[in-house]
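Report on the structure given below.
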Amino acid sequence: MISRPRRLRANEHIRSLARETVIAKDSVILPIFLKDGMQLKHPLSALDGHYQYSVDTVCQDIEGFLNAGVKKFILFGIPEKKDSFGSQAYAEEGIVNRGIREIKKQFGNDIYLISDVCMCEYTSHGHCGILEGEMVDNDKTLNYLQKIALSNVEAGIDMVAPSDMMDGRVSAIRSTLEENGYCHTPIMSYSAKYASGFYNPFREAAESAPSFGDRKTYQMDYHNTKEAIKELIQDEREGADILMVKPALSYLDIIAKARENSHLPIAAYSVSGEYAMIKAAARMGYVDEYKMMCETTTSIYRAGASILISYYATDIVKAIEKGDI
Ligand code: PBG
């Protein structure tokens with residue numbers, strides 16, 4: 001036989017030479033939940049190993065994450081007071097803005113901070129924008145997203161990541177940042193974000209479940225592919241620097257299409273439900289958690305992502321260092 005594919009599988013040396021997907025440990029981002037209050041480190045039952053931190057406790061664990069080799073973080077905030085305009089999202093003393101200042105004060109440029117720009121954690125009704133009756137008003141919401149992004153940048157954020165799925169938000173945020181002299185702050189847009197059942201554990205962590213209805217009038221319908229490409233291209237035209245697909249595992253086809261249709265870096269968010277599923281199955285003894293983490297993580301990069309947001313970020317970096325991913 002002339003062609004024997006098994007020749008390239010004979011041992012770990014040759015397998016690693018023939019490997020197509022090589023993952024950079026600098027490409028992973030860890031989500032962090034910040035909550036108003038003092039001395040908090042509240043464990044999240046649905047996101048085993050993750051916590052809600054107050055600003056005074058978070059830096060201790062960030063030190064540990066940095067030592068583990070993770071340097072990029074996406075911040076989510078849980079305010080004490082919510083209102084219909086989500087005002088704590090852009091208040092100078094709002095939870096995320098205080099967190100950004102404190103973390104940057106301690107770690108400066110050793111750390112790269114991204115803010116999730118959205119309203120659902122801050123609004124009393126839990127929707128991602130300003131309500132008009134029972135509908136989220138797109139254009140009114142844009143003004144608030146601009147305020148949130150600008151306040152985060154003024155507090156010292158390195159990159160903003162709008163996740164609300166309003167139309168036109170990338171250009172709205174881009175123009176506000178340009179006008180205020182922040183032309184170098186990148187936007188990572190949650191471009192193809194689907195209305196997904198995989199977000200449930202996050203909504204417990206971020207206390208952001210909608211009080212009525214669902215997010216289907218703004219997040220995407222998971223039956224659609226072409227619409228995702230439309231969203232991705234539109235965000236690129238509006239000035240996004242990185243495009244994101246979310247969730248990741250049930251959307252590997254969308255990640256592959258995003259890769260084909262854009263020259264921008266493609267990020268994937270392996271969301272809370274993906275993490276919780278592996279954790280739960282492992283706890284039941286049905287799967288080997290480490291193997292599942294390595295395989296699912298690799299699949300997301302193999303599909304075409306070059307950046308990954310994951311609750312496994314520190315374990316992924318360890319697995320890369322060991323040569324298991
Ligand atoms: C905010 C936001 C959500 C997630 C990231 N940003 C929740 C949602 O859209 O309901 C989900 C992340 C996860 O499940 O890990 N809009």
message: Show the residue pairs meeting these rules: Cβ distance below 8 Å; 6+ apart or different chains; first residue within the stretch 256-280 and farther than 15 Å from Gln234 by Cα and free of Cβ contacts under 8 Å to residues at least 40 places away in the same chain; second residue open to solvent by 10 Å² or more (accessible area, probe 1.4 Å) and more than 16 Å from the ligand (Cβ to nearest atom).
response: Ile278/Val287; Ile278/Glu289; Ile278/Met292
- line: Per the list (1) within 16 Å of the ligand (Cβ to nearest atom); (2) surrounded by fewer than 24 Cβ atoms within 10 Å (Cβ to Cβ), residue check on Ser262 breaks on (1)
field: Residue satisfying condition, being more than 21 Å from Ser272 (Cα to Cα) and open to solvent by less than 40 Å² (accessible area, probe 1.4 Å), within set Asn67, Asn11, Asn97
entry: Asn97
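Okay, residues lined up against (1) part of a loop (DSSP other than H, G, I, E, B); (2) more than 27 Å from Tyr112 (Cα to Cα); (3) open to solvent by 30 Å² or more (accessible area, probe 1.4 Å):
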| residue | (1), (2), (3) |
| --- | --- |
| Thr297 | no, no, no |
| Arg302 | no, no, yes |
| Leu308 | no, no, no |
| Ile325 | yes, no, no |
- request: Have a look at Lys147, Lys140, Lys105 and point out the one that is open to solvent by 10 Å² or more (accessible area, probe 1.4 Å), under 19 Å from Leu34 (Cα atoms) and not aromatic (Phe, Trp, Tyr).
  value: Lys105
task: Within the stretch 218-276, track down each residue that is among the β-branched types (Val, Ile, Thr), out of contact with any Phe, Trp or Tyr (no Cβ under 7 Å at 6 or more places or on another chain) and under 13 Å from Ala303 (Cβ atoms).
output: Ile254, Ile255, Ile266
- prompt: In the set Ile233, Ile187, Ile173, which member is more than 10 Å from the ligand (Cβ to nearest atom), β-branched (Val, Ile, Thr), surrounded by 15 or more Cβ atoms within 10 Å (Cβ to Cβ) and more than 28 Å from Gly94 (Cα to Cα)?
  reply: Ile233
- line: The residue that is nearest to Arg101 (Cα to Cα), considering only those in the stretch 33-57 that are without any contact (Cβ under 8 Å) to a residue 60 or more places away in the chain and within 18 Å of the chain's Cα centre (by Cα), is Tyr53
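State which residue is nearest to Ile74 (Cα to Cα) when the search covers only the stretch 36-57 and only residues that are within 16 Å of the ligand (Cβ to nearest atom) and open to solvent by 60 Å² or more (accessible area, probe 1.4 Å).
Checked the stretch 36-57; the qualifying residue nearest to Ile74 (Cα to Cα) is Tyr51.
Each row is one residue, and each column tells you yes or no for (1) outside any helix (DSSP H, G or I); (2) open to solvent by 60 Å² or more (accessible area, probe 1.4 Å); (3) more than 17 Å from Phe198 (Cβ to Cβ); (4) within 16 Å of the ligand (Cβ to nearest atom).
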{"site": "Met244", "(1), (2), (3), (4)": "yes, no, no, yes"}
{"site": "Ala258", "(1), (2), (3), (4)": "no, no, yes, no"}
{"site": "Ala268", "(1), (2), (3), (4)": "yes, no, no, yes"}
{"site": "Ile278", "(1), (2), (3), (4)": "no, no, no, yes"}
{"site": "Ala281", "(1), (2), (3), (4)": "no, no, no, no"}
{"site": "Val287", "(1), (2), (3), (4)": "yes, no, yes, no"}
{"site": "Tyr290", "(1), (2), (3), (4)": "no, yes, yes, no"}
task: Working only within the stretch 246-256, note down all residues that are assigned to a helix (DSSP H, G or I) and either surrounded by 24 or more Cβ atoms within 10 Å (Cβ to Cβ) or more than 13 Å from the ligand (Cβ to nearest atom) (or both).
output: Tyr251, Leu252, Asp253, Ile254, Ile255, Ala256
Selection from the stretch 110-133 of residues that are part of a strand (DSSP E or B), open to solvent by 10 Å² or more (accessible area, probe 1.4 Å) and touching a Lys or Arg at 6+ places or on another chain (Cβ under 8 Å): Tyr112, Glu132
task: Scan the stretch 118-151 for residues that are among the hydrophobic types (A, V, I, L, M, F, W, C) and more than 16 Å from the ligand (Cβ to nearest atom) and jot them down.
output: Met135, Leu150
statement: Residues of the stretch 208-219 being within 11 Å of the ligand (Cβ to nearest atom) and either open to solvent by less than 70 Å² (accessible area, probe 1.4 Å) or closer than 19 Å to Lys35 by Cα (or both), in sequence order, are Ser208, Ala209, Pro210, Arg215, Tyr218, Gln219
Enumeration of residues in the stretch 82-94 that are surrounded by fewer than 16 Cβ atoms within 10 Å (Cβ to Cβ) and touching a residue at least 12 places away in the same chain (Cβ under 8 Å): Asp83, Ser84, Glu92
- prompt: Looking at Ser171, Ser175, Ser211, which one is in a loop (DSSP other than H, G, I, E, B) and among the polar types (S, T, N, Q)?
  reply: Ser211
message: Where the second residue is open to solvent by 40 Å² or more (accessible area, probe 1.4 Å) and part of a loop (DSSP other than H, G, I, E, B) and the first is farther than 14 Å from Lys246 by Cβ and lies in the stretch 303-325, which pairs have Cβ atoms under 7 Å and are six or more apart or on separate chains?
response: Ser306/Pro265
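The values are calculated or read from the model by the stated rules, or taken from the named source; none is laboratory data. Here the structure is a predicted model, which is why all the values come from computation and not from measurement. Every residue, glycine as well, gets a Cβ built from its backbone with ideal geometry; the counts of neighbours run over all protein chains shown. Just so you know, the surface numbers come from the protein's heavy atoms only, side chains and all, with ligands and any DNA or RNA stripped out. Shrake-Rupley method; radii C 1.70, N 1.55, O 1.52, S 1.80 Å.
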